[in-house]
Amino acid sequence: MIELSPQVSQALADGTPVVALESTIFSTLGLPVPHNAEALRRCTAAVEAGGAVPAVTAVLDGRWRVGLRADEQERVLSGTRKVAERDLAVAAAQSWDVGVTTVSASVALAARVGIPVFATGGIGGVHRGVELSGDVSADLDALASHPVVTVCAGAKSFLDLARTLEVLESSGVPVLGWRSPDFPAFYVRSSGLPVPHVVQTAEEVARVLRLRSRPQTGVLLTVPIPEADELDPARHDAALQTALEQAAAAGITGAAVTPYVLERVGRATEGGSVPANLALAENNAAVAAQVALALAAAPA
Ligand code: PSU
Ligand code: MN
C-alpha cells in the first residue's frame, strides 16, 4: 500500500536515521514559487547534513509515498490538492495525480513505515473563533494517535495557541520546548505562552518518546525560529490581523482557511515572511536529524 523510495527502504532496513517531511509546505499551498523549491532543497539538505535520510511524503498516482526521487519532488512543488490524514484513503481510492500531505497525513504515513521523527514548519491547531466554526486541525488528533516526534516552530498565531496547547494536554501529547521555555509562534520565538517542559538534548527527546505511557501517542518538540531570522513582532501581528480579516470577509472556511491565510500573510509582509519561513523549516529539519540519530542509537 505504501511505496518507499529505495533509499528510505534501505535506511530503515539498516537502522540508519530517517526524518519524514510533509509536502504541503513545499507546494504552492504552503509557500510561493520559487521559494517552495528552495525550502524543499534546504530542508532535505539539512536532514542529510545532520546524518539522516530525508523522506518526503506525498500521494502520487494514487499511491501513498514515503521518500521521493528528484523528478517526483518536482511534482510535489506544483501540487494543489491538500491531503490530511482522512483524505489519504480518498486520494488512493480516486487515484489522485498529486496530493500534498499535511502534518496529519505525514505523521500517519511515517508511523506506518516505522519512521519515528517528522519535521515541519508549523502545525495546524485550534482556529480562533472555534466556538462557532468548530475548526480544529486534524494535525492535533494525529499527534495524539501516532508514535512520532513532530518537530515544529510552534504554530502561526492566526490560530488560538492557548486552546491548541489545551487540546494537546487533553489528548496526552507531551509538548517539549527545545532549549526554550516559550511555545513559539512560528515567525517569532515566543507566543507569550509557556511550554510544559523544556529539553536540552536530542537524547532527552528520545527518552520521552520511549517512556510515554500510551504507546500510540506522539511527542511535539517546539523549536523557536533562530534569533537572527525572527520577524518584528509588531509587523507580524499587523500582517496576521489583516490576513484574518480578509479570510472572514471572503467567507473562507474549512481546509481552505490555512492556505488562504498563509498567502495573505505573505502579501501583507510583502514577502518579508518568506525568508523567516525557510529559515525555521531548515532549522527544524536539522534538529529533527539530531533526534533521529538519538532514536537510532536507542530505539523507542
Ligand atoms: N502552517 C504553516 N504552513 C503550512 C501549514 C500550516 O505555517 O504549510 C500546513 C501544514 O501542512 C499543516 C496544515 O499540517 O497546513 C494544516 O491545515 P489545516 O489547518 O487545514 O488542518
Ligand atoms: Mn480545519
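A full extension of the chain between I2 and A49 corresponds to an added length of 14.3 nm, given 0.36 nm per residue minus the alpha carbon distance. Computed from label points 7 Å out along Cα-Cβ, the spacing between R207 and R179 is 1.9 nm. Put in line by how crowded their Cβ is, counting other Cβ atoms within 10 Å and starting with the fewest, Y260, Y187 read Y260, Y187.
One chain, two ends: R267 and A228. Fully extended at 0.36 nm per residue, the span grows by 11.9 nm beyond their Cα-Cα distance.
Note on E245 and Q200: the model spin-label points, each 7 Å out from Cα along the C-beta direction, lie 4.6 nm apart.
When only alpha carbons of the stretch 148-226 are considered, Rg and Dmax amount to 11.8, 33 Å. Adding -39500 (n - 2.57) for every DSSP H run of four residues or longer, then dividing by how many residues the chain holds, sets the calculated 222 nm ellipticity at -14000 deg cm²/dmol. Each Cα pair under 8 Å and six or more residues apart adds its sequence gap; the mean of these over the residue count of the chain is a relative contact order of 21 percent. The mean sequence separation of alpha-carbon pairs under 8 Å and at least six residues apart, normalised by the residue count of the stretch 70-198, gives a relative contact order of 19 percent. Once C-alpha pairs closer than 8 Å and six or more residues apart are averaged by separation and normalised to the residue number of the stretch 182-300, the relative contact order reads 35 percent. Cβ-to-Cβ counts within 10 Å put H146, H197 in ascending order as H197, H146, the fewest first. Between the alpha-carbon centres of the stretch 252-268 and the stretch 26-87 there is a gap of 20 Å. Quote the FRET efficiency, to the nearest 0.05, computed for R128 versus V90 with a Förster distance R0 of 22 Å and r equal to the Cβ-Cβ distance. The calculated FRET efficiency here is 0.20.
Computed from the coordinates by the stated procedures, all read-outs in this text should not be read as laboratory data. Just so you know, these numbers come straight off a predicted model, no measurement behind them. A quick note on method: Cβ atoms are made from the backbone with ideal geometry, for glycine too, and the neighbour counts reach across all protein chains shown.
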